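One structure below.
What follows draws every value from the coordinates through simple rules; no lab data is involved. Quick caveat: nothing in here was measured; it's all calculated off a predicted structure. So basically every Cβ, Gly included, is an ideal-geometry build from the backbone, and we count neighbours across all protein chains shown.
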Amino acid sequence: MSNKTALITGATGQDGAYLSELLLAKGYTVHGIKRRSSSINTRRVDHLYKDRHEEDVRFFLHYGDMTDSSNLIRLIQETQPDEIYNLAAQSHVQVSFETPEYTANTDAMGTLRLLEAIRILKMEEKVRFYQASTSELYGKVQEIPQRETTPFYPRSPYAVAKLYAYWITVNYREAYKMHASNGILFNHESPIRGETFVTRKIARAVAAIEHGLQKRLYLGNIDAQRDWGHARDYVEGMWMILQQDNPDDYVLATGEVHSVREFTELAFKRIGRQIQWDGKGSDEKGYCGKTGDILVAVDPEYYRPTEVDYLHGSPEKAWRQMGWQHKTSFEQLVTEMVDADLAALKQNHADAGAMTYA
Ligand code: NDP
Ligand code: GDR
């Protein structure tokens, strides 16, 4: 068991929750940063939370924000972490076209603020730093599969902000000899994935349709292709990256590619509905083979100003240098997500019925 201390920004997000769980199981003390919001935003980590009067309390949440330098400096000073995982971000690509400045402030400048905080506190030699970089950096296809040496071509304000964060992490590593590393992670999903990312949107819609609470699922570009893995496997890789003697940058991916269309078909198959496609482009529809009901339809409203059509990662370096590889197959991922949403709806019909999707 480890007696290290970790500070996680974005602890209330999908990855933050899985990573907190992993580190606590390894014996770490975990400090997470949560944003102040008018409604509860800690549901993904509530099960980890213990009253501070109980025994073996090792999980703590602190209010903070990536746009607030003094707050970040104070939290690092107070918690004295051995490892910092920078997972906080405005992480929705489509939303970044609506809020480009905020996205840059949080995702790019936020990373700089954290790195500077470490330097101001003279903790460069003590702290190991993980930056949540992304396959979105590759954007427009330059090489297949995409690896650590593939040139970047970001295609959204989100990806451009993350490009800055990637390079400032490399720069602080080189300039100040910090143990600072980038994990270039391809899409990873789970039953606690944010509801407006396409996989979770599909899983929730399948469950709602099965329970008669929704008639149809509207999607954007169903021909987009992604290298989808499970978040549980990927947080293990994040931890491994910080356990290496030397800081470095690693792609974490499955090496397998599937389209949104395939994800949708497999998800509906789980409830016994075979999808048949008809039409083209923005008029395309997915029928249920048995009943003829239109269960899926394309709505161009969900198209992006610039799209990332194809992402396919090579996890070879992570395997060779760290022994990391994904454990969950695409089929297992889809099944786990759909089953979780079916179970959640069974428990609470009203919950999903009233949802609107972005
Ligand atoms: P989520 O969107 O689920 O979580 C993002 C977290 O960041 C949430 O805890 C959110 O808080 C927090 N956050 C957002 N803005 C701020 C801010 N201004 N100050 C402090 N906290 C903030 O993302 P994931 O867990 O999926 O991803 C984790 C990281 O990995 C992100 O940086 C993402 O960009 C990156 N990434 C994700 C991939 C994926 O496929 N999941 C792939 C590659 C990279 P709140 O809960 O209040 O919203
Ligand atoms: P992505 O994930 O943009 O890859 O970013 P998302 O699930 O949003 O989109 C994947 C692909 O599906 C297409 N798509 C739709 N997307 C959404 N959200 N809603 C729809 O209705 C829809 N229909 C089709 C998209 O156009 C896209 O091509 C995620 C985030 O977690 C980032 O933070 C992370 O960096 C990258 O993955 C790797």
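The angle separating the long axis of helix 231-243 from the principal Cα axis of greatest extent in the chain is about 20 degrees. Projecting the Cα positions of 5, 209, 224 onto the charge dipole of the chain (unit charges on Cβ atoms of Lys, Arg, Asp and Glu, taken about the Cα centre) puts 5 furthest along the positive direction.
Relative to the longest principal axis of the Cα atoms of the chain, the long axis of helix 157-176 lies at roughly 20 degrees. The order of the peptides 336-342, 80-86, 306-312 by mean Cβ neighbours within 10 Å, most packed first, is 80-86, 336-342, 306-312. Put simply, when 90-96, 15-21 are sorted by average Cβ atoms within 10 angstrom per residue, most first, you get 15-21, 90-96. When the chain is treated as a Gaussian network with alpha carbon springs shorter than 10 Å, the biggest mean-square fluctuation among 57, 45, 206 belongs to 57. Determine the calculated [θ] at 222 nm for the chain from helices alone, applying -39500 (n - 2.57) to every DSSP H run no shorter than 4 residues and normalising by the residue count; nearest 500 deg cm²/dmol. -11000 deg cm²/dmol, from helical runs alone. Listing 76, 144 from fewest to most neighbouring C-beta atoms within 10 Å gives 144, 76.
How do 53, 47, 258 line up, fewest other C-beta atoms within 10 Å first?
Details: 53 6, 47 10, 258 18.
Taking fewest neighbouring Cβ atoms as first place, the list is 53, 47, 258.
With each label modelled as a point 7 angstrom along the Cα→C-beta vector, the residue 43-residue 307 pair spans 3.1 nm.
Bridges between two residues of the chain, per DSSP, are antiparallel at a rate of about 20%.
Taking the C-alpha atoms only, the angle from helix 260-269 to the longest principal axis of the chain is near 70 degrees.
Neighbour counts of other Cβ atoms within 10 Å put 66, 240, 178 in the fewest-to-most order 240, 178, 66.
Where nothing but the Cβ of Lys and Arg (+1) and of Asp and Glu (-1) is charged, how large is the charge dipole of segment 272-335 around its Cα centre, in debye to the nearest 20?
Computed charge dipole of segment 272-335: roughly 400 debye.
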